[in-house]
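Data first, discussion second: the structure below is written as structure tokens.
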Amino acid sequence: MRTRVYNAKLPRFHLTDTLLSKPITLLSEDDHEGWRDSILEKGLAGSSSACARR
């Protein structure tokens, strides 16, 4: 059960203030791409961003 809680909280470590401030229905493709690019800039692998957004 602990693993599920951790997995549910994992994306919050990588979300930007912009993403956290918007309701999910108002997020645009540009918001998502900017978030993905910021994860890559931090040095995480592309597969990490795929795991974090699930």
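The values are calculated or read from the model by the stated rules, or taken from the named source; none is laboratory data. Bear in mind the structure is a predicted one, so any value in this text is a computation, not a measurement. Quick note on the areas: whole protein, heavy atoms, side chains included, nothing else; ligands and nucleic acids left out. Shrake-Rupley method; radii C 1.70, N 1.55, O 1.52, S 1.80 Å.
Annotations for the structure displayed:
- Check on Thr3, at pLDDT 85 or above, more than 13 Å from the chain's Cα centre (by Cα) and open to solvent by 50 Å² or more (accessible area, probe 1.4 Å): no
- Candidates in the stretch 34-54 are the residues that are open to solvent by less than 60 Å² (accessible area, probe 1.4 Å) and of a type outside the set (Ser, Thr, Tyr); of these, the one that is modelled with the lowest pLDDT is Ala52.
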